[in-house]
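Peer 1: Mind looking over this structure? Questions follow.
The values are calculated or read from the model by the stated rules, or taken from the named source; none is laboratory data. No experiment lies behind these values; they were computed from the predicted model shown. Here Cβ is always computed from backbone atoms with ideal geometry, including for glycine, and neighbour counts include all displayed protein chains. Keep in mind that these areas ignore ligands, DNA and RNA; they rest on the heavy atoms of the full protein, side chains included. Shrake-Rupley method; radii C 1.70, N 1.55, O 1.52, S 1.80 Å.
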Amino acid sequence: MTTKGAGMNAAATRIESLNQNIGEEVLLQGWLYNRRSSGKIEFLQVRDGSGTVQCVAVKSELPEAVFARCGEVTQESAIRVRGTVREDKRAPSGVELTLLDLEIVAPSTDYPITPKEHGPDYLLNHRHLWIRSQRQHAVLRIRHTVIQACRDFLDRDGFILADAPIFTPSACEGTTTLFETDYFGEKAYLTQSGQLYNEATAMAFGKSYCFGPTFRAEKSKTRRHLIEFWMVEPEVAYATLDDVMVLVERFISFIVARVLETRRAELKILERDVAPLERVQAPFPRVSYEEAVRVLREKGQPFEDGNDFGGTDETVLTEAYDRPFFVHRFPAAVKAFYMKRDPADERLSLSCDLLAPEGYGEIVGGGEREDDLDRLVTRIREHELPTEAFEWYLDLRRYGSVPHAGFGMGIERTLTWICGLEHVRETIPFPRLLHRMRP
Ligand code: 4AD
Ligand code: MG
């Protein structure tokens, strides 16, 4: 087989579009996913990142050396395959390749991930290789689609992307989960949320969003917590809590519809029941905190009024609804300093969480922000936050303050639900967990 460096790339066909080449001779560049042999025939499962396809090598039709190579090539060896595309209605990709030639570009010996079962720790230690596996591959392709859908929705809705910094001098979501670092002799923290900066960009652009990594030094080892996760945060000037709930509802429906439209094959690989996803249609129920507490009690879940919901509370709550639902007006005491109080009941905040059904729980947190200067100063003091660090933020209330609201959606929590996974760790290429930051 002739290889011509860069020229090979241009000539290679991607497996995802092979069904457009039926009857033609093509070149594939990829890796050996799996191999089966029946003596006279070798079945090579080849992957190239865009998909996998079965390549059939028939001994009687091939030069001896080519067939011998087909019998020697090992799992995850880098290979180039030349062959003729045949329609095959039984194959997942709808096609098969009749192999004509095989080049081993680079061997792979004793690949650590075999088709047998491996424990989660072993797989996480080999995450750099694990992402080549079919299920992980499907999850990360859906991740790509979810992120693209977030951007498409907001871009079409008139939002300006204005990203927030990663190094910050102050807390946004409470001081207990801050990651401290040294900024040329000054204390700095990795951002917990871009919200405060987003409020500034919303006052500049009317509607803005940031999308980036956020960090929480959460000491909790649960299936919902990552130390580093990605959040998309839209913020809207002149918006109220009700406006935000409508925005979240449209946003989530759009994302789920996009996944259903374009990622059916991946959902199938994950054995995800799509019926609950097809029910993700507006309107989503709006449940007050008070009502939610009542539902918990009815379900026999022990719960102390005035607390925030824990993971189990959320799971129990989701049993009562067949689609995502809002819980709104949490007690102000359990929420962040920036939350605006409910004028109808000062003990409550104009906040909302969106809980995903099927036991998943919170995927979105948001609400209306305190827009009054004096009240905001009081809150900062009550939360024992350093006022100097918030001077710039207070300026937003000094110079043309308006009611405004927004929310943050955690990409990984949303994906865990959409993909129907047990644990959030599989939804990010390289998870950062409590006591784990390798590879
Ligand atoms: O509810 P949170 O803490 O809200 C905020 O950070 C607001 N400042 C957002 C805003 O209004 N602009 O976080 C928002 C979302 C959660 O609903 C959840 O989906 C995700 O971020 N999240 C996490 N995801 C994974 N691991 C963690 N440790 C997470 N903490 C929050
Ligand atoms: Mg929250």
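Peer 1: Would any residue of region 195-212 have its amide N under 12 Å from a label point 7 Å out along Cα→Cβ of Leu161? List them or say none.
Peer 2: Flagged as within label range: 209-212.
Peer 1: Placing one identical point scatterer on every Cα of region 240-313 and ignoring solvent, what is log10 I(q)/I(0) from the Debye formula at q = 0.12, 0.23 Å⁻¹?
Peer 2: Cα-only, vacuum Debye calculation for region 240-313: -0.53, -0.99.
Peer 1: Counting residues in region 340-439 as N, plug N into 2.2 N^0.38 Å and put the Cα Rg over that result.
Peer 2: Its radius of gyration relative to the 2.2 N^0.38 Å reference: 1.43.
Peer 1: Another question about this same structure. Kindly rank 425-438, 234-247 from highest to lowest mean number of other beta carbons found within 10 Å of each residue.
Peer 2: 234-247, 425-438
Peer 1: Per the Kirkwood treatment, what hydrodynamic radius in Å, one decimal, follows for the chain from the mean inverse distance over all distinct Cα pairs?
Peer 2: 24.5 Å is the Kirkwood radius here.
Peer 1: Can you give the log10 of the normalised intensity I(q)/I(0) at q = 0.11, 0.12, 0.22 Å⁻¹, computed with Debye over equal Cα scatterers of region 299-384?
Peer 2: -0.34, -0.41, -1.04
Peer 1: For the chain, how many pairs of lysine residues have a Cα-Cα distance under 30 Å, where the two are 8 or more positions apart or belong to different chains?
Peer 2: So the count of such lysine pairs works out to 23.
Peer 1: Using unit Cβ charges (K, R positive; D, E negative) and no other charged atoms, how large, in debye to the nearest 20, is the dipole of region 368-439 about its Cα centre?
Peer 2: Value, rounded to 20: 420 debye.
Peer 1: Whole Å is fine, so just give me how far the alpha carbon centre of region 284-337 lies from that of region 63-78.
Peer 2: 58 Å
Peer 1: Follow-up question, since we're still on this one. Once you keep just the Cα pairs under 8 angstrom separated by 6 or more residues, what percentage relative contact order results for the chain?
Peer 2: The value is 13 percent.
Peer 1: Considering only C-alpha atoms, what is the centroid distance from region 389-431 to region 238-273, in Å?
Peer 2: Region 389-431 and region 238-273 have Cα centres separated by 16 Å.
Peer 1: Here's something else I'd like to know. Whenever you get a sec, compute what percent of the accessible area on the chain sits on carbon and sulfur atoms (1.4 Å probe).
Peer 2: 51 percent
Peer 1: Per 0.36 nm of contour for each residue apart, how much would the distance between Arg135 and Ala320 grow if the chain were fully extended, relative to their Cα-Cα spacing?
Peer 2: Gain in length upon complete extension: 63.6 nm.
Peer 1: Using only the Cα atoms of region 150-293, what semi-axes does the equivalent ellipsoid have when each is the square root of 5 times a gyration tensor eigenvalue? Give whole Å, largest first.
Peer 2: Largest first, region 150-293 gives 30, 21, 17 Å.
Peer 1: Per residue, how many Å² of accessible area does the chain show with a 1.4 Å probe?
Peer 2: 47 Å²
Peer 1: How many times 2.2 N^0.38 Å is the alpha carbon radius of gyration of region 15-106?
Peer 2: Details: Rg = 11.8 Å, N = 92, 2.2 N^0.38 = 12.3 Å.
Here the answer is 0.96, to two decimals.
Peer 1: A further question follows. Count the DSSP beta bridges whose two residues both fall in the chain, then state the antiparallel fraction as a percent rounded to the nearest 5.
Peer 2: Roughly 90 percent of the DSSP beta bridges within the chain come out antiparallel.
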